[in-house]
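The values are calculated or read from the model by the stated rules, or taken from the named source; none is laboratory data. This is a predicted model, so every value here is computed, not measured. Every residue, glycine among them, receives a Cβ derived from its backbone with ideal geometry; neighbour counts consider all protein chains shown. Heavy atoms of the whole protein, side chains included, go into the accessibility calculation; ligands, DNA and RNA do not. Shrake-Rupley method; radii C 1.70, N 1.55, O 1.52, S 1.80 Å.
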Amino acid sequence: MPFPPDFLWGSATSAHQVEGNNTSSDWWAWEQEGRVPFKSGLACDHFNRYDEDFDLARDFGQNAHRFSIEWARIEPQEGCFSDEAIRHYTQVIASLRRRGLEPFVTLHHFTNPKWFQERGGWVHRRAPFFFKRYAAQMAQSFKGQVRFWITINEPLVYVYQSYLARIWPADQVGIRAALSALFHFEEAHRAAFDLLHQVQMKGGGGESVQVGVAQAIRLSSPCKESWLPDRAASYLRDYAFNTLFLDRLTRRRALDFIGINYYTRDFVHWGGKGLLSLFGEVCPNAHAHTRTPRSALGWEVYPEGLYKTLLRLKKYHLPLYVTENGFATDDDAEREEFIKDHLTSVRRALEAGTPVKGYFYWSLLDNFEWAEGTRPRFGLVEVDFQSLRRAARPSARRLREIILTEIG
Ligand code: IFM
């Protein structure tokens with residue numbers, strides 16, 4: 001069975017990771033304060049070079065592209081929206097459309113305006129209101145131009161890294177702050193979901209908007225199947241991080257589709273401190289039965305997990321998009337294998353009747369990988385961070401061949 005003819009083939013980026021000079025954001029401030037060992041600086045200078053980058057995406061045979069709008073550029077000061085930034089993203093969307101690339105727009109991809117963080121970030125009780133106001137502005141500004149919206153990227157990853165692991169920008173930490181941020185994400189998503197639909201209806205015409213979230217699914221397996229505490233920790237971890245948020249949103253009918261960011265799985269054993277011990281600890285040992293290649297970030301390559309994930313999410317009866325799937329490596333031949341094997345999983349899931357509608361490789365470009373800096377290379381396109389020269393990698397051509405074969 002081939003991929004459906006309307007299948008979306010693309011790659012993804014996020015604003016802070018590629019644009020450069022994101023000076024009004026909390027991440028920029030975090031970097032300047034030396035809270036992480038790296039600075040994003042000019043990143044890929046995608047802010048000025050997006051035309052060139054979209055030429056490459058089109059040449060790779062893609063028909064869609066996922067990117068994020070930077071809230072900190074749109075609303076650099078509380079309540080003040082920048083016409084210049086809105087114009088910029090209008091041009092970005094037009095540039096994609098000219099090349100036949102369907103825009104998949106993310107509203108929040110880990111970064112906030114600095115003022116928002118100073119007000120208390122996602123823990124602040126008015127956080128959903130602030131986000132809704134920004135989303136309303138975006139809905140109006142891009143009415144009729146964007147069909148696919150992702151409100152929030154990887155909410156659980158954000159909450160974990162910011163409020164529990166304390167690696168990403170946040171003033172408050174701990175389980176209470178984490179829970180409060182999570183509830184606020186849910187409220188913010190639901191508000192944005194409603195208003196994106198209302199604005200589209202008011203505007204009339206065109207195909208109806210589709211609003212979803214991008215949920216990171218990191219599968220979890222017990223270190224020792226036969227030991228109940230390992231099994232329990234792995235189960236709870238899996239439920240809390242992978243499906244709880246989706247369960248809540250689908251129960252409230254607040255999703256038109258589910259975006260899945262799938263990379264790997266973790267082996268988990270009982271352990272940890274305090275409340276967090278409920279979710280166990282990720283095992284640092286290589287498991288004998290998982291001697292598969294690992295990415296530069298140490299992540300196991302486990303394509304079967306994507307198949308399992310897609311089948312598992314079938315129960316929601318919603319269209320599924322793989323909104324991220326990628327491999328950080330200096331060995332592009334490994335990337336090629338990774339893509340081929342994961343697309344085989346997608347194809348198998350389609351054959352099993354799963355409504356998968358699109359696949360976005362992470363990432364179009366090598367980029368700024370948050371607290372890990374520019375060292376991990378995820379790109380279909382190699383970026384020289386000194387000269388900012390781009391060079392398409394062979395894996396991009398391989399992906400193009402697959403796409404061309406699949407769309408006949
Ligand atoms: O680079 C990140 C991205 O911002 C969110 N998903 C995972 C990617 C790789 O770590």
**OP:** Evaluate Rg over Rh across region 110-228, taking Cα atoms for both radii and Kirkwood's formula for Rh.
**Re:** 1.08
Subject >> Å² per residue, accessible surface of region 256-341 at 1.4 Å >> reply: 44
Subject >> Part-to-part distance (alpha-carbon centres) for region 241-302 and region 163-218, which is given in Å >> reply: 20
Original post:
About the Cα centre of region 85-219, what is the dipole size in debye to 20, counting +1 per Lys and Arg Cβ and -1 per Asp and Glu Cβ, all else neutral?
Top reply: 320
Subject >> Accessible area (Å², 1.4 Å probe, nearest 10) - ARG393 >> reply: 30
Original post:
How big is the C-alpha Rg of region 166-220 next to the rule-of-thumb value 2.2 N^0.38 Å, as a ratio?
Top reply: 1.60
Original post:
Can you work out the base-10 log of I(q)/I(0) for region 167-270 at q = 0.19 1/Å, using the Debye formula on its C-alpha atoms alone?
Top reply: -1.06
**OP:** Among the lysines, select those whose C-alpha is under 22 Å from the C-alpha of LYS143, and discard any that sit fewer than 8 residues away in the same chain.
**Re:** LYS132, LYS202
**OP:** Using only the alpha-carbon atoms of region 212-251, report the extent along each of the three principal axes, biggest first, to the nearest angstrom.
**Re:** 37, 17, 8
Original post:
Heavy-atom accessible area of PHE183 with all protein chains present, probe 1.4 Å, nearest 10 Å²?
Top reply: 110
Original post:
How would you classify region 226-334 from its alpha-carbon gyration tensor, with a ≥ b ≥ c the square roots of the eigenvalues: rounded for a/c under 1.5, else prolate if a/b is greater than b/c, otherwise oblate?
Top reply: oblate
**OP:** List the pair-distance distribution P(r) of region 1-100, using every Cα-Cα distance, as the percent of pairs falling in each 5 Å bin from 0 up to the bin containing the longest distance, rounded to whole percents.
**Re:** 2, 12, 20, 20, 17, 12, 9, 5, 2, 1, 0
**OP:** Provide the three semi-axes, in whole Å and in decreasing order, of the ellipsoid equivalent to region 33-146 as defined by the square roots of 5 times the Cα gyration tensor eigenvalues.
**Re:** 27, 19, 12
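Using the Kirkwood formula on the Cα atoms of region 292-408, what hydrodynamic radius do you get, in angstrom to one decimal?
So the Kirkwood estimate lands at 15.1 Å.
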**OP:** At q = 0.07, 0.12 Å⁻¹, work out log10 I(q)/I(0) for the chain with the Debye formula, treating every Cα as an identical point scatterer and leaving solvent out; two decimals please.
**Re:** -0.30, -0.97
**OP:** Using Cα positions and a limit of under 28 Å, work out the lysines in reach of LYS39, with same-chain residues fewer than 8 apart set aside.
**Re:** LYS114
Original post:
About the Cα centre of the chain, what is the dipole size in debye to 20, counting +1 per Lys and Arg Cβ and -1 per Asp and Glu Cβ, all else neutral?
Top reply: 1120
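May I ask you to work out the translational diffusion coefficient for region 291-339 at 20 °C, viscosity 1.002 mPa s, via Stokes-Einstein with Rh from the Kirkwood sum over Cα pairs, reported in whole µm²/s?
It comes out at roughly 175 µm²/s.
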Original post:
Counting alpha carbon pairs within less than 8 Å and at least 6 residues apart, what relative contact order, in whole percent, applies to the chain?
Top reply: 18
Original post:
Using a 1.4 Å probe on the protein chains only, how many percent of the accessible area of the chain belongs to carbon and sulfur?
Top reply: 50
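Given a 1.4 Å probe, how much area per residue of region 44-178 is accessible, in Å²?
37
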